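Heads up, the thing below is written out as structure tokens.
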Amino acid sequence: RQTLRQVLQGIAKLPQGLRDVMELRVLQEQSTAQVCQALAITENNLFQRLFKARRTLALNLPMAMA
């Protein structure tokens with residue numbers, strides 16, 4: 001529970017563009033196409049944002065991600 005709470009707090013602290021993709025793709029489990037359409041971004045941009053968001057979380061939440 002503590003780990004989940006830390007991850008959710010970490011997501012909430014992400015910049016808006018990164019937070020949006022994490023919320024839609026990971027938390028709400030929307031498809032790639034749905035997320036791209038909702039945010040008006042390309043698939044490539046979505047994957048770049050997801051990578052950056054996950055990397056940011058991993059760097060800021062090392063204990064939660066271990």
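Every number in this text was worked out from the coordinates using simple rules, so none of it is lab data. Just so it is clear, the model here is predicted, and its values are computed rather than measured. Note that we place each Cβ from the backbone using ideal geometry, even for glycine, and neighbour counts take in every protein chain shown.
Worth a mention:
- Of all residues in the range 28-50, those satisfying the criterion of being more than 8 Å from the chain's Cα centre (by Cα) and not polar (S, T, N, Q) are E29, A33, V35, C36, A38, L39, A40, I41, E43, L46, F47.
- Being of a type outside the set (K, R), over 13 Å from the mean Cα position of the chain (by Cα) and surrounded by 11 or more Cβ atoms within 10 Å (Cβ to Cβ) is a property that does not hold for Q2.
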